[in-house]
Structures are given as C-alpha cells and as structure tokens.
Amino acid sequence: MTVLEASQSSDAIAAVHKASVVKNGAGYRAEQGSDYQPGVSAETVGSRSLWLGLITLPAGKRTRAHVHEYHETALYMLSGDEMELLTGDQLQFRDTVRPGDYIFIPANMLHVAVNRGEEPAVFIGSRNEATAQESVVLRPEMDCKVP
C-alpha cells in the first residue's frame, strides 16, 4: 500500500508510522499561470489537509484572475524583484510584495499576481487544501482590469 492509498483509507493513521522526506520532484504549471513544485501534498505524502511547496511566477508574467474557492493560502516571498498583488471584488486593492514579505489570501478572494520584474518571483506557499487540483475558479471577465 502506498502512502497515498493509506491516506485515503480509514486506517490511514495506523498505516503511516513515520514522517516523510520529499526530495525535489517534478513541478507543474497551475491553471492560473504560476509554476508549482509540491513538497508536502496529497500526491507526495498522502497529506489530507495541507499543501506546502514552492511557487514561482516567471519574470514578466502574471496570473489569471482567480479565486481559491475553498481554501486559504499563505505565502512567503523568498526572492525576486517586487511583485504586485491585486485583490478585491474588482481587483481594486494593490499591494507591493518584496522578498521577506508574507501574504495571506482568504478563501474565495479574487486576486491577480503580476511580476513586472526581470527575476522570477519565488515563494514558499502553504494552503489548507492538499491536492494539486486545488479549488481554483478562473474569473476571465476580470483579467482586463489588470494591465
């Protein structure tokens, strides 16, 4: 039985008897446009409610307007130039994020991240949704609000 199979059974707590160490693995491009490299997730260690990994927004790129319908997200900016974070029902709030800053995005909060810099913006990210197929809902009608 794999760790993931064990985590999906009702005997998961009894089946997993040790901590897990996750080596660097394959990443993926998320639906909203940022690059994810999961460390702790349902897919890597059988986590039930936690995702932890690296999130990168390439230089000169932005995410699509979106919400994470059912989960909260916490981020810490490791490196890169400053990045813009637009939030609010009409994306009317603009914050500048720099290395060393923390970000909290509540569930169902419309947001767009914009990296106008020349360096990738790299974050440690965590959310209370363990799967790669997180509760993202794209809001394409709002993309035009961000130049």
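The values are calculated or read from the model by the stated rules, or taken from the named source; none is laboratory data. The structure presented is a predicted model; accordingly, all values stated were derived computationally and were not measured. Positions of Cβ are generated from backbone atoms using ideal geometry, with glycine treated the same way; all protein chains shown enter the neighbour counts. Side chains included, ligands, DNA and RNA excluded: accessible areas come from the protein's heavy atoms. Shrake-Rupley method; radii C 1.70, N 1.55, O 1.52, S 1.80 Å.
In percent, how large is the relative contact order of the chain, given Cα pairs closer than 8 Å and 6 or more residues apart?
Answer for the chain is 28 percent.
Around Glu129, what is the net charge, scoring Lys/Arg as +1 and Asp/Glu as -1 over all other residues with Cβ under 15 Å from its Cβ?
Neighbour charge sum, excluding Glu129 itself: -3.
With θ set to phi - 60° and the Karplus curve 6.51 cos²θ - 1.76 cosθ + 1.60, what are the ³J(HN,Hα) couplings of the stretch 89-101 in order, to the nearest whole Hz, using x for Gly and Pro?
4, 10, 6, 7, 9, 10, 10, 9, 10, 10, x, x, 8
Straight-line reach from Lys61: which lysines have Cα under 18 Å away, leaving out those fewer than 8 places along the same chain?
Partners found: Lys145.
Under a cut-off of 19 Å between alpha-carbon atoms, report the aspartates and glutamates in cross-link reach of Lys18, not counting same-chain residues fewer than 8 places apart.
Glu5, Glu43
Given (i) 99; (ii) 123; (iii) 108 as candidate values of volume of the Cα convex hull per residue in Å³, which corresponds to the one derived from the coordinates?
Entry (iii).
Keeping every protein chain present and rolling a 1.4 Å probe, give me the accessible area per residue for the chain in Å².
Computed with neighbouring chains in place, this is 57 Å² per residue.
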